[in-house]
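Student: Quick one: structure below, then a few questions.
The values are calculated or read from the model by the stated rules, or taken from the named source; none is laboratory data. On a predicted model such as this, the values are computed, not experimentally measured, just so you know. A quick note on method: Cβ atoms are made from the backbone with ideal geometry, for glycine too, and the neighbour counts reach across all protein chains shown.
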Amino acid sequence: MRDAPVAEVEEAIAAGGLSHIKAPRIGAILRALSAAGGAPDLGLLDALRDGDALAYLQSLPGVGPKTAACVLLFSLGRPAMPVDTHVHRVSGRLGLIEARLSAVAAHGVLTALAGPAASDIYAAHVDLVRHGRRVCHARRPACGTCPLNDLCPSAGSFS
Ligand code: SF4
């Protein structure tokens, strides 16, 4: 993919959407990760602290805090909470973060709250996403059947 024409990469990833944006970024990222020669490699992250590794990943084209945290947590087993729309919404409703805290700012807060073990952050991430998909929906959260109803400061605020 690094050396392929952008049009070919775009066609190959079309099913995922936004391929015209992603294709050139993928090539640029892979070239940056193979600047020392050879195949693309994330080995340089091994020598970096978690915060520096996050900063390095976010310096790559098109990589934001969520993607950087996904790479650290899911690929490298390091403590970083990816905050997607479900994690952000459910955390805010449950009072785990301040309601107006941005998703970007929530990364550090939720990493500290769920950590320090990467395994705990991983579990918290999966649970928050699952709860957001199955119960705490964006428009009509099912507060009446939610097992967290007694603990949630937002319970019943949506009727
Ligand atoms: Fe979401 Fe309602 Fe459950 Fe609170 S009680 S977590 S707002 S579904």
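Student: If you go through region 102-134 one residue at a time, how many are under 12 Å from Ala69 (Cβ atoms) and either among the hydroxyl-bearing types (Ser, Thr, Tyr) or in contact with a Lys or Arg (Cβ under 8 Å, 6 or more places away or on another chain) (or both)?
Tutor: Result for region 102-134: 5.
Student: Now for a different question. Are any residues in region 41-69 among the aliphatic types (A, V, I, L, M), in contact with a Leu (Cβ under 9 Å, 6 or more places away or on another chain) and part of a helix (DSSP H, G or I), and if so, which ones?
Tutor: Selection gives Leu44, Leu45, Ala53, Leu54, Ala55, Leu57, Ala68, Ala69.
Student: Can you name every residue in region 101-159 that is more than 10 Å from the ligand (Cβ to nearest atom), surrounded by 16 or more Cβ atoms within 10 Å (Cβ to Cβ) and part of a loop (DSSP other than H, G, I, E, B)?
Tutor: If the condition is that a residue be more than 10 Å from the ligand (Cβ to nearest atom), surrounded by 16 or more Cβ atoms within 10 Å (Cβ to Cβ) and part of a loop (DSSP other than H, G, I, E, B), then Leu101, Gly115 are the ones that fit.
Student: Of all the residues that make up region 24-58, how many are charged (D, E, K, R), surrounded by fewer than 16 Cβ atoms within 10 Å (Cβ to Cβ) and more than 25 Å from Glu11 (Cα to Cα)?
Tutor: Number of matching residues: 3.
Student: Of all residues in region 102-118, count the ones that are touching a helix residue (DSSP H, G or I) at 6+ places or on another chain (Cβ under 7 Å) and over 22 Å from Asn149 (Cα atoms). Walk me through it before giving the result.
Tutor: Initially, region 102-118 is screened for residues touching a helix residue (DSSP H, G or I) at 6+ places or on another chain (Cβ under 7 Å), giving 103-104, 106-107, 110-111, 114-115, 118.
Among the residues that remain, those that are also over 22 Å from Asn149 (Cα atoms) are: 103-104, 106-107, 111, 115, 118.
The qualifying residues number 7.
Student: So, one more: Scan region 90-117 residue by residue and report those that are within 22 Å of Ala55 (Cβ to Cβ), among the aliphatic types (A, V, I, L, M) and without any contact (Cβ under 8 Å) to a residue 12 or more places away in the chain.
Tutor: Answer for region 90-117, where residues must be within 22 Å of Ala55 (Cβ to Cβ), among the aliphatic types (A, V, I, L, M) and without any contact (Cβ under 8 Å) to a residue 12 or more places away in the chain: Leu101, Ala105, Ala112.
Student: Using the structure shown, decide if Arg78 is assigned to a loop (DSSP other than H, G, I, E, B), closer than 30 Å to His131 by Cα and within 14 Å of the chain's Cα centre (by Cα).
Tutor: yes
Student: Quick check on region 88-98. Is at least one of its residues among the polar types (S, T, N, Q), part of a helix (DSSP H, G or I) and at pLDDT 95 or above?
Tutor: Yes, because at least one residue in region 88-98 is among the polar types (S, T, N, Q), part of a helix (DSSP H, G or I) and at pLDDT 95 or above.
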